[in-house]
């Protein structure tokens, strides 16, 4: 590998899929969320590996993400979880992609398109059970029924999203159970009006473990499928053994000694208090290392030992103090997320230090990071 790269563990990914299969009721399928370049891991690589593991349904955020998978030869079902401009409905139909219907107004646009162009599009109906982001409510039931009757538009599924399913506070548990109840009531209202709601999926990564009793046709697996929590405070009600799929590495490209009193980096933010050996690493905030980790908040692994950042993180490079690590050489690997011997840097702790969550940390991993072509 060249300057900075990602390594992916097929073994860890398979382990995580099997952990879910162990916990879920028989007959519950996996809808793998591979949006945002599979949380920075590499959408095509991860999706192909998951197909080989028997996963047959994938979720993305946009038409471009769906087309990337189709162009890579993925033939399994793909659901766009977000908005697609009506200008691109032709492409949804051409690539046989399932489109989310986020609002009644959007449903009318999609239905009108299918009637006018005589094109078949499959869709999943979003239900707002309490997150208040997108979705139909019970007040929209008549519009939902019309959508189910709007052939050649074919509504083949229904879903919602839980907003506090990773918390064990009593009020969060109560709210999640109310969301489940609301969703089920909405589905029953459709059935009472002669509609088959279709494929149902309401549980995501944490809800799929903490509320297994509510599992339906599919569960949507995101961050935990990749072996990390959103943050360490997330609650998991059952004993599990998820393994991180991703390791992030770069290299030492320059070494120099500076004297006490000398400074390092933009703004001269670091001043050496002793003779200090500075290592420059070929990765920066354009690659996804949060700039908020500047000035000593960054921790890395070099030759099996922890080292810490000094000065400001640059766009393409950053500096660390390796004074107390013997034998460091140009070309040595530096681990930002991953393990070396008995030491580990977890994505959760990196995200916490940066004041964010793993979702953002992963999704900001830059396109110029090298990734394996397959896993």
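Quick note: the coordinates plus some simple rules give every number you see, no bench work behind them. These numbers were taken from a predicted model, which means no experiment stands behind them. Reconstructed Cβ throughout: ideal geometry from the backbone, glycine too, with neighbour counts over all protein chains shown.
Observations
- Anisotropy class of the range 246-356 from Cα gyration tensor, a/c 1.5 cut: oblate
- Modelled spin-label separation between residue 56 and residue 292, with each label point placed 7 Å from Cα along the Cα-to-Cβ direction: 4.2 nm.
- Length gained when the stretch residue 339-residue 119 is fully extended (0.36 nm per residue, less Cα-Cα span): 74.1 nm
- Rounded FRET efficiency, nearest 0.05, which uses the C-beta distance separating residue 360 from residue 168 and R0 of 22 Å: 0.40
- Most fluctuating residue given options 360, 344, 87, as computed from a GNM of the chain linking Cα atoms under 10 Å: 87
- Sequence-separation-based contact order of the range 9-226, relative, with Cα cut under 8 Å and 6+ spacing, percent: 20 percent
- Gaussian network model of the chain, springs between alpha carbon atoms under 10 Å - residue of 182, 88, 113 with greatest fluctuation: 88
- Once the chain from residue 243 to residue 2 is taken as fully extended at 0.36 nm per residue, the excess over their C-alpha distance is 84.2 nm.
- Springs join every pair of Cα atoms under 10 Å in this Gaussian network model of the chain, and among 264, 245, 155 the largest mean-square fluctuation is at 264.
- The chain: antiparallel DSSP beta bridges as a percent of all, rounded to 5: 55 percent
- FRET efficiency for residue 11 and residue 95, using Cβ-Cβ distance with R0 set to 30 Å, rounded to 0.05: 0.40
- Distance between the 7 Å Cα→Cβ label points at residue 271 and residue 374: 5.7 nm.
- What separates the Cα centres of the range 336-367 and the range 139-208 is a distance of 33 Å.
- Sequence of 211, 235 once ranked by neighbouring C-beta atoms within 10 Å, starting from the fewest: 235, 211
- Ellipsoid fit via the Cα gyration tensor, the chain: semi-axes of 45, 21, 18 Å, each the root of five times an eigenvalue, largest first.
- Simple spin-label estimate for residue 235 and residue 177 gives 1.2 nm between the two label positions (7 Å along the Cα-to-Cβ direction from each Cα).
- Helix 170-192 vs. the chain, principal-axis angle (Cα, 0 to 90°, nearest 10): 30 degrees
- With helices as the sole contributors, the chain gives -8000 deg cm²/dmol at 222 nm; each DSSP H run of n ≥ 4 counts as -39500 (n - 2.57), and the sum is divided by every residue.
- The order of 53, 162, 319, going from fewest to most other C-beta atoms within 10 Å of their C-beta, is 53, 319, 162.
- Cα-based helix-to-principal-axis angle, 10-23 vs the chain, degrees rounded to 10: 40 degrees
- Degrees, to the nearest 10: 43-52 long Cα axis against longest axis of the chain: 60 degrees
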